[in-house]
Amino acid sequence: MPVPVLLAGRTVRLEPLAPHHTEALAVAGAENRTTYAFTPVPHGVQASHEYIHRALADQAAGRSLPFAVVRAKDGRVVGSTRFLELDYWQGPLVWPAVPGVPYGDPVTAVPDAAEIGNTWLSPSAQGTGINTEAKLLMLRHAFETWGVRRISLRADARNTRSRAAMERLGFTSEGVRRAHSRGLDGAVRSTAFYSVLDEEWPAVRSIIELRLAARAPARRRRRKTLVPA
């Protein structure tokens, strides 16, 4: 299973999710909850404790690698995200395939494909560039450290905001799987799928880096207006 890792950028840190994040995660999840229509977000300290416990159980089983999303400027936890659907293609070919089981020593194994998901941010962090940089950090780790062949993402087909964000960052749409699963609201949902392949990563990385660079001057201008003459 992949070793937990800290991923740090200019505006955000992705820390391995741990029990000490419980109260801060509860605070983040308590902001305006109308923005959480399509993603499970813990509500309260006990729910946050259970959320982290389940995430760490999945990590121990080799099914995911969860993170706390921490805003760099003040160290505040503003959400969570994770790698999941880890898949391994090394070693002898076995059929039928057994997904999620690495060949060789599982402690040193790295996946050949994975999904980024279970992502949510508190409203105060939405639209600030934190999600964009977090995606850059995770994608860079996946393609440039692990050497994956593919990263996938998905969204409830009704979640137009998330789908538009993925398309702006250059992810390739693979279409919508109709009546795919039960949604958070209990309705049968359709799911939109997106992906990035290793040969597409340099172009996607450039798009993301350009978007982040374009945000930086605006932030600097705002800071200058706060400086007294």
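Annotations for the structure displayed:
- Built amide H within the under 5 Å cut-off of Val101, gap 5+: Tyr88
- Relative contact order, whole percent, for the chain stands at 18, derived from Cα pairs under 8 Å and 6 or more residues apart.
- Of Leu25, Leu184, the order by accessible heavy-atom surface (1.4 Å probe, DNA, RNA and ligands excluded), from most exposed downward, is Leu184, Leu25.
- If the segment from Ala214 to Val176 were pulled out straight at 0.36 nm per residue, it would be longer than the present Cα-Cα gap by 10.6 nm.
- The spacing between segment 109-182 and segment 45-74, judged by their C-alpha centroids, is 17 Å.
- Scoring 202-214, 88-100, 127-139, 104-116 by mean Cβ neighbours within 10 Å over their residues and listing the highest first yields 127-139, 104-116, 202-214, 88-100.
- Gyration tensor verdict on segment 80-195 (Cα atoms; rounded if a/c is under 1.5, prolate if a/b is larger than b/c, oblate otherwise): oblate
- Ala61-His49 pseudo-label distance in nm [points 7 Å out on the Cα-to-Cβ vector]: 2.2
- Computed FRET value (nearest 0.05) for Arg33 with Asp198, which takes r as the C-beta separation and R₀ as 41 Å: 0.65
- Taking the helices alone, the chain has a mean residue ellipticity at 222 nm of -9500 deg cm²/dmol, built from -39,500 (n - 2.57) per DSSP H run of at least 4 residues and averaged over all its residues.
- Protection-proxy order for peptides 30-38, 175-183, each taking the mean of Cβ atoms within 10 Å per residue, highest first: 30-38, 175-183
- Shape of segment 7-215, Cα gyration tensor, a/c cut at 1.5: rounded
- Three-way shape call for segment 1-82 based on the alpha-carbon gyration tensor, with the a/c threshold at 1.5: oblate
The values are calculated or read from the model by the stated rules, or taken from the named source; none is laboratory data. Keep in mind it's a predicted model, so treat the numbers as computed, not measured. Please note: Cβ atoms are built from the backbone with ideal geometry, for glycine as well, and neighbour counts cover all protein chains shown. Side chains included, ligands, DNA and RNA excluded: accessible areas come from the protein's heavy atoms. Shrake-Rupley method; radii C 1.70, N 1.55, O 1.52, S 1.80 Å.
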